[in-house]
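Chemist: One structure, pasted below without further comment.
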Amino acid sequence: MVYDLPKSLKSLDWLDLADPLDRASRSLTRADERLRRTQALEDGVRSRSHLFETCASMAFDGDLVHLEDLVLHDAGTDRRAPTHELTRAARFLALRRRVDRQIPDSVLSRDGLLTLVGRPTDDAEFETTTISSSGEGRGPAASPSAQQDTADTEKNLLAEIDAVLERSRHLAQGTVPERPVSSRQSGDIPSVHFSRFSERGDRLDDWLTVKKEAEALKLPPVLAAAILLDAWQVLQPLDGWPELGRLLSAVFLKTQVTTSHLPSLSAGLRKSPFRWRRKDTFQVRIAGLLSGFEKAAQETMDQLDRLSIAQEQLARHCQSCRSHSRLPEFARMFLSRPLVTIPMARQDLGVTAAAVDRMIRQLGPALPRELTGRDRYRAWGIL
């Protein structure tokens, strides 16, 4: 399927589109400016938005992931065995944090996208083809002796074990390493794999072409981000990554509009009454996406309002504490996480459960709302 951007732009009614485009642009710019001026809460809003955005993105794709389970899994204090949906959410959370640390322009490229999701780039494919072609015609008689064959086999096995350990280390740190392909693996790849890979590569090239055309036409950045998201929904360039389109649109907005943070587009689109459907006209789809962008900016400003009020109350109760008290650090945990439990506080602060209970009593009325209402498992958070 080809995404014809010039033809789609001709079908737009610019008078009707001007109002949602203006409101979305103003809201995103205002939210980013407020976040830039509130440096004390910038890290807290960013870390909380990653968690909220992950849950909203999973809900868009039909997977229900509770915020409580995701926060506990991220802190390493799970109360139950992780499910498949929670594992996918943790993968997307690590990916979003990784993208937020990188330069936006390095992500919005073919090699950047393939490296981001852990798939071989064009250079890796060329090396695979070269290795497979050079390995043809080799047999057991090519080795000088049986001992040399055994040594080579053991060396290959050790190299594969080292590669597995290296990938596990990267995944534990939230990064995705490039996967080298050995000659034995490359020789067994069927031709169907290459046909599917080439089809996916063509769709990815089509999406990158839409991005280049939008930049060449010098469209407004917010409108271009909506077009990129619509093109991703239509083309589906990468199988198994439906949530990546909203993340890439947020990265595109970060390059020109929201330079201080990644907008929570999934959270905004989820609160918007609009739901993307392929059968709708291009005008309806773009206008609906722009309304979701406006809701995303409003969500960021609402978080700033809630955290600003909570910060004032917590700071007032931390003024009279001793200089070596851990109470200020405990109060900052509420500003950086949606919920806090006693095991999480013990792990981060390095104190006992009795000390956490004492700090909870010291906060008094400034303590955030209790979320569970149970004696055996208690959690507090600013929601």
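The values are calculated or read from the model by the stated rules, or taken from the named source; none is laboratory data. Note that this is a predicted model, so its numbers are computed, not measured. Glycine also receives a Cβ, built like all others from the backbone with ideal geometry; neighbour counts cover every protein chain displayed. Calculation scope for accessible area: heavy atoms of the full protein, side chains included, ligands and nucleic acids excluded. Shrake-Rupley method; radii C 1.70, N 1.55, O 1.52, S 1.80 Å.
Chemist: Near GLU85, within a Cβ-to-Cβ distance under 10 Å, what is the net charge of the other residues, with Lys and Arg +1 and Asp and Glu -1?
Modeler: -2
Chemist: Determine ³J(HN,Hα), in whole Hz, for all residues of region 50-56 in sequence, where each value follows from phi through the Karplus function 6.51 cos²θ - 1.76 cosθ + 1.60 and θ = phi - 60°; x replaces Gly and Pro.
Modeler: 4, 6, 5, 5, 5, 5, 5
Chemist: Once you put a point 7 Å from the Cα of THR29 and another 7 Å from the Cα of ARG358, both along the Cβ direction, what distance in nm separates them?
Modeler: Here the answer is 5.3 nm between the modelled labels.
Chemist: Something else: Taking the Cα centroid of region 292-363 and of region 44-95, what is the distance between the two, rounded to the nearest whole Å?
Modeler: Cα centres, region 292-363 to region 44-95: 20 Å.
Chemist: Percent of alpha carbon pairs in region 320-381 separated by more than 20 Å?
Modeler: Across region 320-381, Cα pairs with separations above 20 Å total 17 percent.
Chemist: I've got another one for you. Between SER106 and SER308, what FRET efficiency comes out of the Förster formula 1/(1 + (r/R0)^6) with R0 = 35 Å and r the beta carbon distance, rounded to 0.05?
Modeler: Rounded to the nearest 0.05, the efficiency is 0.55.
Chemist: Using r as the Cβ-Cβ distance of SER11 and ASP205, and R0 as 30 Å, what FRET efficiency do you calculate, to the nearest 0.05?
Modeler: 0.80
Chemist: For THR372, what residues show an amide H to amide H distance below 5 Å, using hydrogens built from the backbone and excluding near sequence neighbours?
Modeler: For THR372, the qualifying residues are ALA379.
Chemist: When the accessible area of region 320-381 is split by element with a 1.4 Å probe, what percent falls to carbon and sulfur?
Modeler: Here it works out to 46 percent.
Chemist: Could you give the length gained by full extension between THR38 and ALA366, i.e. 0.36 nm per residue of separation minus their alpha carbon distance, to one decimal place?
Modeler: Taking 0.36 nm per residue and subtracting the Cα distance, the gain is 116.0 nm.
Chemist: Which lysines, if any, have their Cα less than 28 Å from the Cα of LYS218, not counting same-chain residues under 8 positions apart?
Modeler: Filter leaves LYS7, LYS10, LYS254, LYS279, LYS295.
Chemist: Taking 51 Å as R0, compute the FRET efficiency from the Cβ-Cβ separation of ALA216 and SER336 and round it to 0.05.
Modeler: 0.80
Chemist: Taking region 286-368, which trypsin sites (Lys or Arg not before Pro) meet the DSSP loop condition and have no more than 15 other C-beta atoms within 10 Å?
Modeler: Loop-located and lightly packed - ARG322.
Chemist: Starting from the Cα of LYS279, step 7 Å along the direction of its Cβ; do the same at VAL2; then give the gap between the two resulting points in nm.
Modeler: 2.6 nm
Chemist: At 1.4 Å probe size, with no ligands or nucleic acids counted, give the accessible surface of TRP276 in Å², nearest ten.
Modeler: Its heavy atoms expose roughly 60 Å² to the probe.
Chemist: Mind checking the full-extension length gain between LEU383 and CYS321? Use 0.36 nm per residue of separation minus the Cα-Cα distance, one decimal, nm.
Modeler: Gain on stretching LEU383 to CYS321: 19.7 nm.
Chemist: Give me the one-decimal nm value for the distance between modelled label points at GLU160 and ASP19, 7 Å along each residue's Cα-to-Cβ direction.
Modeler: 6.4 nm
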